[in-house]
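Here, each number is a calculation from the coordinates, and none is a lab measurement. Computed from a predicted structure; not experimentally measured. Cβ placement follows ideal geometry from the backbone for every residue including glycine, while neighbour counts extend to all protein chains displayed.
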Amino acid sequence: MKKEVLQAIAILIGSIIGAGVLGLPFVFYQSGVWTGLLALILLGMATLTVNLYVGEITLRTKDVHELTGYCEKYLGKKAKKIMTLAMGVSIIGALVAYLIGVGQALGAIFNGNPFFYSLIYFIIMSALIFYGIKSVSNSELILGGIMLTLMILILFFSFNYVKVENLYGFDLWKIFVPYGVILFALIGTSSIPEMRAVLDKNRKELKKSIFIGSLIPILLYGLFAVIILGVTGFNTTEVATIGLGKAIGEHMVLLGNLFAVFSMSTSFLALGLALRWVLQLDYGISSFVSWGITCITPLLVFLTGVMGFIKAMWFAGAVSGGVEGILLILTFHAAKKKSERKPEYELKYHRTLSWILISVYFFGAVYSIFKLFF
């Protein structure tokens with residue numbers, strides 16, 4: 001396999017695998033492990049389909065844009081504003097989750113107050129974003145390799161502690177219970193334009209790269225959720241590695257929560273910087289105000305205590321992720337009609353499939369809003 005293809009696959013895997021995996025065992029526990037696995041498979045296939053849609057969109061367009069740029073090009077300025085708002089809300093929700101999650105993970109490592117560690121963490125990360133530390137996007141192979149290695153080590157050391165009796169539960173009526181967190185964990189579509197740029201001389205490989213890069217996280221997520229839930233059972237925590245450390249011992253407290261801190265920190269930087277630059281460069285907001293919106297907003301939400309770790313990810317995934325998914329499906333169909341060039345691969349037009357996907361995203365968002373606020 002060519003180096004560029006491996007790099008493109010690594011970009012997508014690195015973009016998808018992150019802090020979201022830490023919430024999967026808890027929502028699988030809530031829904032029943034087999035219900036959770038079914039939801040993961042179904043949403044994984046939906047996400048894979050949308051990722052392939054976006055790949056074709058990039059290949060139908062002469063220039064490489066961000067997702068908001070493609071929405072504007074094929075759907076108009078209003079669609080760009082809606083996509084920007086959805087991405088902004090999604091990022092704010094994610095940053096709230098990371099503030100909570102890192103505080104709990106550091107509290108478990110150092111046996112301290114999670115709230116205190118969250119505030120210290122916020123000061124450090126907001127300072128890095130304020131001074132414009134460059135995006136981690138150029139280090140996907142290294143960062144992705146570190147996260148995968150830590151995840152594999154966690155799974156390896158945890159496997160012998162799995163109790164089969166902890167792996168139970170199937171209730172189709174609970175299929176939407178893990179919806180938001182799973183969708184949050186699977187989001188990585190924004191990296192596909194970067195994949196297209198990497199494969200500029202091998203564009204025919206984009207479809208295969210998207211397929212492999214989307215499938216590997218689904219498999220790893222399923223394995224991670226089942227093994228961790230098999231170990232922790234009734235004691236599964238919202239941040240999975242905290243309960244895992246208590247169940248296995250001190251070495252897992254350190255290893256598991258280091259993975260949690262690392263995965264959330266890389267995501268915090270990447271997402272925080274992305275939102276700040278969008279506000280500053282695309283909308284002409286001053287450097288200081290764009291930083292304030294990016295960093296102070298999640299801090300205020302965190303301080304109110306209205307959202308926990310799972311609720312923040314659930315909201316970001318279900319609502320904002322759902323809006324993004326719907327817009328990208330509509331952009332895909334518009335791009336077929338307004339194509340600027342012949343793409344290196346072309347998916348068949350299935351109106352029924354598109355409406356099914358749109359319905360899943362829409363009703364998933366409605367269900368999540370109802371469960372979160374009513």
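Ignoring GluC sites (Glu not before Pro) that are buried or in helix or strand per DSSP, and keeping those with at most 15 other beta carbon atoms within 10 Å, what is the longest stretch of the chain between them?
1-339
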Per the rule of 0.36 nm per residue minus the C-alpha distance, extending residue 348 to residue 30 adds in nm 110.8 nm
Throw me the Rg/Rh for region 210-333, computed over C-alpha atoms with Kirkwood Rh, two decimals. 1.03
Taking the simple approach of a point 7 Å from Cα along Cα-to-Cβ for both residue 159 and residue 356, what is their distance in nm? 3.5
Hey, rough spin-label estimate for residue 149 and residue 1, points 7 angstrom out along Cα→Cβ, what's it come to in nanometres? 1.9
For the chain, what is the charge dipole size about the Cα centre, in debye to the nearest 20, if Lys and Arg each add +1 at the Cβ and Asp and Glu each add -1 at the Cβ? 1160
Length released on extending from residue 197 to residue 216, taking residue separation times 0.36 nm less the Cα-Cα span: 4.7 nm
Restricting to Cα atoms and excluding each atom paired with itself, what does the Kirkwood estimate give for the chain in Å? 20.8
Set of lysines with alpha-carbon distance to residue 174 below 20 Å, sequence-local pairs under 8 removed: 311, 371
Linear extension gain, residue 123 paired with residue 287, 0.36 nm per residue minus alpha-carbon span: 57.3 nm
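Which of the trypsin sites (Lys or Arg not before Pro) found in region 201-262 are in a DSSP loop and have at most 15 neighbouring Cβ atoms, other than their own, within 10 Å?
Loop-located and lightly packed - 201.
In region 255-355, which chymotrypsin sites (Phe, Trp or Tyr not before Pro) are in a loop and have at most 11 other Cβ atoms within 10 Å, using DSSP for the loop call?
Listed in order of number, the matching sites are 283, 349.
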Based solely on C-alpha atoms, express the radius of gyration and the Dmax of region 1-109 in angstrom. 17.5, 50
For the pair residue 338 and residue 171, the simple spin-label estimate (label points 7 Å beyond Cα toward Cβ) gives in nm 4.6
Local net charge near residue 208, Cβ-Cβ under 14 Å (Lys/Arg +1, Asp/Glu -1): +1
For every helix of n ≥ 4 consecutive DSSP H residues, a contribution of -39,500 (n - 2.57) applies; sum these over the chain, divide by its total residues, and give [θ] at 222 nm rounded to the nearest 500 deg cm²/dmol. -24500 deg cm²/dmol
Towards the positive end of the charge dipole of region 1-114, with charges on Cβ (+1 Lys, Arg; -1 Asp, Glu), say which of 111, 9, 57 has the farthest Cα. 57
